[in-house]
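Nothing in this text is a laboratory measurement; each read-out follows from the coordinates by a stated rule. Worth saying up front: this structure is predicted, and the values here are computed from it rather than measured. Positions of Cβ are generated from backbone atoms using ideal geometry, with glycine treated the same way; all protein chains shown enter the neighbour counts.
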Amino acid sequence: METEPQPQRVDEDRELVERSQTGDTEAFDALVLKYSPKLYAMIYNMTGNREDTHDVLQDVFSKAYRSIRRFRGKSTFYTWIYSISVNMTLNFLKKRGRQRKMSLDDMGDAVLQDPDFLEMTASSDPVREVGIHELQQRLNVALQELSEDHRTVVTLFDIQGLPHAEISRILGISQGTVRSRLFYAHRQLQNFLEEFRR
């Protein structure tokens with residue numbers, strides 16, 4: 001689990017933000033490189049589609065670049081960029097009008113590149129491998145069945161590893177609301193997967 005942003009990271013971000021605010025594009029590029037992988041993963045888990053993820057991520061950094069001069073440091077850059085990402089992803093999903101069902105093949109590619117997943121499936125037992133693959137597919141489908149609010153907290157907590165306090169700041173909701181949404185989301189996921197566990 002990831003904890004609060006480390007002081008060194010905050011100081012490093014502050015310096016890059018200050019340089020970006022003076023028009024230093026290399027400093028902003030450094031922030032983009034630093035946060036792209038985590039933001040990509042978060043957006044992908046919310047949209048379930050690679051092309052949409054690329055589009056949203058590009059829009060996120062475009063908006064951040066246009067807005068960086070107005071960033072006053074009341075929160076960390078980390079919280080600020082996550083907030084922009086979550087809000088823009090939710091807006092994108094609303095504009096899309098309906099939840100597009102994720103391509104399981106598309107998600108499968110991402111899963112197959114995950115080092116933890118590769119290590120877990122390194123067994124030569126084909127029955128076990130089929131079982132894990134099927135469970136992963138069901139989890140992916142179950143995640144897309146959640147409401148956007150519930151999918152967001154599950155993505156930030158269970159997949160991104162952010163603590164309740166950080167999620168609370170990113171979403172602008174209380175920690176109690178974060179816990180409540182997680183509780184209901186986990187219960188929905190459990191119910192959805194119950195048949196598989198029998």
Worksheet item: So, by mean Cβ neighbours within 10 angstrom, what's the order for 17-30, 140-153, 165-178 with the highest one leading?
Response: 140-153, 165-178, 17-30
Worksheet item: Relative to the present Cα-Cα distance, how much length would full extension add between ARG69 and LEU139 at 0.36 nm per residue of separation?
Response: 21.2 nm
Worksheet item: For the cross-link pairs LYS74/LYS94; LYS34/LYS63; LYS63/LYS95; LYS63/LYS94, which exceed 22 Å when the distance is taken from alpha carbon to alpha carbon?
Response: LYS74/LYS94
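What ranking, highest mean first, results for peptides 65-71, 83-89, 53-59 when packing means the other Cβ atoms within 10 Å averaged over each residue?
83-89, 53-59, 65-71
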Discussion item. Testing the spin-label approximation: label points 7 Å from Cα along Cα→Cβ at PHE192 and ASP24. State their distance in nm.
Written reply: 4.4
